[in-house]
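Dropping the structure in here first, questions after.
The values are calculated or read from the model by the stated rules, or taken from the named source; none is laboratory data. Everything quoted here is computed from the prediction, not taken from an experiment. In this analysis, Cβ positions are derived from the backbone assuming ideal geometry, glycine residues included, and neighbour counts consider all displayed protein chains. Keep in mind that these areas ignore ligands, DNA and RNA; they rest on the heavy atoms of the full protein, side chains included. Shrake-Rupley method; radii C 1.70, N 1.55, O 1.52, S 1.80 Å.
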Amino acid sequence: MSTLTGPATETAHAHPRGLTASPAGLREPRRAALPAEATVRRTALLGAAAGFVCAVGFGYLSIDSLLHPGARYYRDVVFLWPWLSGAAALVAVHLVQRGPGRRAERVGAWLTFGGMALSVLGMAPRMAGGDEPWTALLGPAMGAWVLGMVVLGVGTWRAGVVPAWAGVAIALAEPATVGLAGVLRPISPLTDVGSYSGALGNAVAWLLVACALLTTASLHREPATSHAA
């Protein structure tokens, strides 16, 4: 019985793990792994950009409230800028770290996103000068949002995909904002509308989230491909 010889046979002996003999086939496993890495990196970078935009917006609202104390209704409209960009950053965090068995992360994410969506519905008529019927949603929506962020922060810490300090920042963002507003009350008295002196706490939290997403993106770079001479 004759024995097959030639380049194909030699390649098969050189690569005994079942990889195909063609050069294109040898590169196939790497190409298959690239989309996941590229998707995580792209999502993290977009989330980081949204987080930086959110931090700038909350920082502006806080400084403006301190420089011009009292209710300013235009701030409620400006508030949508960091609010929506912050939601986008949290969506990015959720997308890069979600996975089987991460129940706390999943529950926290949906509580947070649901609360934020209902809050927008509650704030919209108030910005238009009305009070009913959606403003009744603000109380439970804010409660779901704050609770959701705490749970999401814990889930982020446990998932270990983004740096753990991002989870701490997410969990403490709202408590820190409320506490800072109380500390700054002598400078900028609290009002029901148009006052955001404590938003500096949110600004710092989202800055940390943005930096964490940048770190995650840097850890998911596409591997450099080498070409044989």
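Has the range 155-167 got any residue that is open to solvent by 20 Å² or more (accessible area, probe 1.4 Å), modelled with pLDDT of 90 or more and basic (Lys, Arg)?
yes
On to the next question. Looking at the range 144-201, which of its residues are assigned to a loop (DSSP other than H, G, I, E, B) and under 30 Å from Arg98 (Cβ atoms)? Working first, answer last.
Just the residues of the range 144-201 that are assigned to a loop (DSSP other than H, G, I, E, B), to begin with: 160-163, 184-198.
Within the range 144-201, Gly160, Val161, Val162, Pro163 meet the criteria.
Looking only at the range 51-103, count how many residues are part of a helix (DSSP H, G or I), aliphatic (A, V, I, L, M) and more than 10 Å from the chain's Cα centre (by Cα).
11
Shifting gears a bit: Across the range 55-97, what is the number of residues that are within 20 Å of Leu111 (Cα to Cα) and open to solvent by less than 10 Å² (accessible area, probe 1.4 Å)?
So the answer is 8.
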